[in-house]
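Participant: Sending over a structure as structure tokens; questions will come in a sec.
Every number here is computed from the coordinates shown, using simple stated rules; none is lab data. Keep in mind that this is a model prediction, so the values were computed, not measured. Counting neighbours? That spans all protein chains shown, and the Cβs are built from the backbone with ideal geometry, glycine included.
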Amino acid sequence: MTKQKCAVLISGNGSNLQALIDACAKPDFPVQIVRVISNNEQAFGLQRAHKAGIETLIIDHRGFHSRDDFDLALHDALIECGAQIVCLAGFMRILTADFVGKWPAKMLNIHPSLLPSYRGLHTHRRALEDGVKFAGCTVHFVVPEMDAGPIVIQAAVPILPNDTEQTLTQRVLEQEHHIYPQALR
Ligand code: GAR
């Protein structure tokens, strides 16, 4: 089987990256991860990639004068590793429309809410404050508008009476780890 080459972009812990690594390790999974790129050299996800024998690259956004320059470096790094698909997995940088336009229907993101509800940050805290009964997560194609774009898969997670931001985050993350590999497949 010819596997599609995928690059994963991270900024932090990389538990979703781990779910993708585990899925890609299965012989019948149609995707291989060719490079993990982080804008943050401290990201624990880099260690996960090392452990799995995947090439890593740090592109620190603080070393660039503009978003355009950073995104150009990112694009070059993606082309260089032969990526055909890009997965954003807890990548906490806003990407320029120019960059996004270079990966039409080739870039996926995971977001910890049932989009289009709760775009942006602190999704679970806001859901708890609003008293909604369901939280969840979404894998979607990336378009220039943040946390928008065609939805591939969602998982709904009931909010329990005693939930805190922490407990809800944990239960939603478990679902993220199920749906991201499915969406990638
Ligand atoms: C995940 O919950 C992901 O959905 C979220 O960051 C977390 C990263 O966790 N992404 C966003 O908020 C993007 N706007 P991880 O590093 O353990 O995968």
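Participant: FRET efficiency for Q182 and A25, Cβ-Cβ distance as r, R0 = 22 Å, nearest 0.05?
Facilitator: Once rounded, the FRET efficiency stands at 0.90.
Participant: Would you work out if region 127-167 is rounded, prolate or oblate? Take a ≥ b ≥ c from the square roots of the eigenvalues of the alpha-carbon gyration tensor; rounded if a/c is under 1.5, else prolate when a/b is larger than b/c, oblate otherwise.
Facilitator: Prolate, because a/c is 1.5 or more and a/b exceeds b/c.
Participant: Follow-up question, since we're still on this one. Using only Cα atoms and rounding to the nearest 10 degrees, what angle (0 to 90) does helix 15-24 make with the longest principal axis of the chain?
Facilitator: 60
Participant: So which GluC sites (Glu not before Pro) in region 39-84 pass both tests, a DSSP loop state and at most 13 other Cβ atoms within 10 Å of the Cβ?
Facilitator: Passing sites in region 39-84 are E41, E55.
Participant: Let me ask another. Counting other Cβ atoms within 10 Å, which GluC sites (Glu not before Pro) in region 134-185 have at most 10 and lie in a DSSP loop?
Facilitator: Hits after loop and neighbour filter: E145.
Participant: Of the listed pairs K3/K26; K51/K102; K5/K26; K5/K102, which have alpha-carbon separations greater than 21 Å here?
Facilitator: Over 21 Å apart, Cα to Cα: K51/K102.
Participant: Run the numbers on the chain and let me know its relative contact order in percent, using alpha-carbon pairs under 8 Å that are six or more apart.
Facilitator: So the answer I get is 21 percent.
Participant: With no solvent and one point per C-alpha, what does the Debye sum give as log10 I(q)/I(0) for the chain at q = 0.08, 0.14, 0.18 Å⁻¹?
Facilitator: Relative scattering, expressed as log10 I(q)/I(0), comes to -0.24, -0.75, -1.22.
Participant: Okay, next question. To the nearest 10 degrees, how steeply does helix 165-184 sit against the main Cα axis of the chain, on a 0 to 90 scale?
Facilitator: 50
Participant: Moving to a separate point now. Among D71, D76, rank each residue by its count of other Cβ atoms within 10 Å, from fewest to most, as a rough exposure measure.
Facilitator: Fewest-to-most Cβ neighbours within 10 Å comes out as D76, D71.
Participant: A further question follows. Residues with beta-carbon under 14 Å from that of F29, excluding F29: net charge, scoring Lys, Arg +1 and Asp, Glu -1?
Facilitator: +2
Participant: Can you give me the long-range amide H partners of Q84? Hydrogens built in the peptide plane at 1.01 Å from N, cutoff under 5 Å, separation of 5 or more residues or another chain.
Facilitator: It is K5, C6, A7, by chain and number.
Participant: What is the fewest-to-most order of L78, L88 by other Cβ atoms lying within 10 Å of their Cβ?
Facilitator: L88, L78
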